[in-house]
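One structure is given below, encoded as structure tokens.
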């Protein structure tokens, strides 16, 4: 098993650096997992040209070599380059797919009704609402292409649900003979969050705290969602703070 960080991620605003509004373009940590049967990209968050370059520089691979893309969440910062891998199987946790897809479809239906009503009166949908409608349409089309992942992607690479930041946030647990590595997504975004036992604000704070605890209980190494791979030196039983 070969695990490589292709690109170290970053938060648009790092709350533990006293940043309260975006000061940079956020993107997720992008990881490559290579097994005998698969080459899996996790969270291709940079623009396509950058991800393609990193893949070549760090692993000597091209996008056509990738067999799977897995998203730890549907956050746009985790999927900017997903279409680069058009020959791969795209995967996301079933819970994330469902909990994202339903409100997207409901919002698009509401805008479609508003557009129809405006056209019946000889008007047009306001420009900002049309832009939103186009974005929702694109997101729904993308989500339809992404398949719900099975519990195991390939041997020794298993889904590890980490709900909280979003209801379906899900990591990957990579089991090797003597070590385990957990790709955390935004469940543990940075080394500062790990060291201070804190979680990001999310839809369900209690769930996020439980996910933090489970992640630090199970893994020897952690791939942080907006940082690098790090040994898990967290004392067992240390829970996340509010």
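Where a number appears in this text, it was derived from the coordinates with a stated rule and is not lab data. Quick caveat: nothing in here was measured; it's all calculated off a predicted structure. Every residue, glycine as well, gets a Cβ built from its backbone with ideal geometry; the counts of neighbours run over all protein chains shown.
Order 145-153, 5-13 from most to least packed using the mean count of other Cβ atoms within 10 Å. Each step should come with its number before you reach the end.
Details: 145-153: 14.9, 5-13: 19.4.
Taking the mean over residues of other Cβ atoms within 10 Å, the ranking is 5-13, 145-153.
Note on residue 24/residue 110: beta-carbon distance plugged into 1/(1 + (r/R0)^6) with R0 of 45 Å gives a FRET efficiency of 0.85. A viscosity of 1.306 mPa s and a temperature of 10 °C, combined with the Kirkwood radius over Cα pairs in Stokes-Einstein, give a translational diffusion coefficient for the range 95-144 of 139 µm²/s. Temperature 37 °C, viscosity 0.692 mPa s: under these conditions the Stokes-Einstein estimate for the chain, based on its Kirkwood radius over C-alpha pairs, is 175 µm² per second. Distance between the 7 Å Cα→Cβ label points at residue 17 and residue 230: 1.4 nm. Computed over the chain with a Gaussian network model linking Cα atoms closer than 10 Å, the most mobile of 29, 178, 72 is 178. In this rough spin-label picture, where each label sits 7 Å from Cα along the Cβ direction, the residue 132-residue 152 distance is 4.5 nm. Between helix 94-120 and the chain there is an angle of about 10 degrees, using the helix long axis and the longest principal axis of the Cα atoms. Its alpha carbons give the range 76-213 an Rg and a Dmax of 18.8, 68 Å.
Antiparallel versus total DSSP beta bridges in the range 14-128: what percent is that, nearest 5? Don't jump to the answer; show the numbers that get you there.
On the way: 4 of 11 bridges.
The antiparallel fraction comes to roughly 35 percent.
So in the chain, what percent of DSSP beta bridges are antiparallel if you round to the nearest 5? Approximately 65 percent, going by the DSSP bridge assignments. Over the chain, Cα pairs under 8 Å with separation of 6+ residues give a relative contact order of 16 percent. Available extension along the chain between residue 2 and residue 214 is 73.9 nm, counting 0.36 nm per residue and deducting the alpha carbon span. One decimal place: the segment residue 56-residue 203 gains 49.3 nm when fully extended, by the rule 0.36 nm per residue minus the C-alpha distance.
Between residue 140 and residue 118, full extension at 0.36 nm per residue minus the direct alpha carbon distance yields a gain of 5.6 nm.
Helical runs (DSSP H, four residues minimum) scored at -39500 (n - 2.57) apiece and divided by the length of the chain put the mean residue ellipticity at 222 nm at -10500 deg cm²/dmol.
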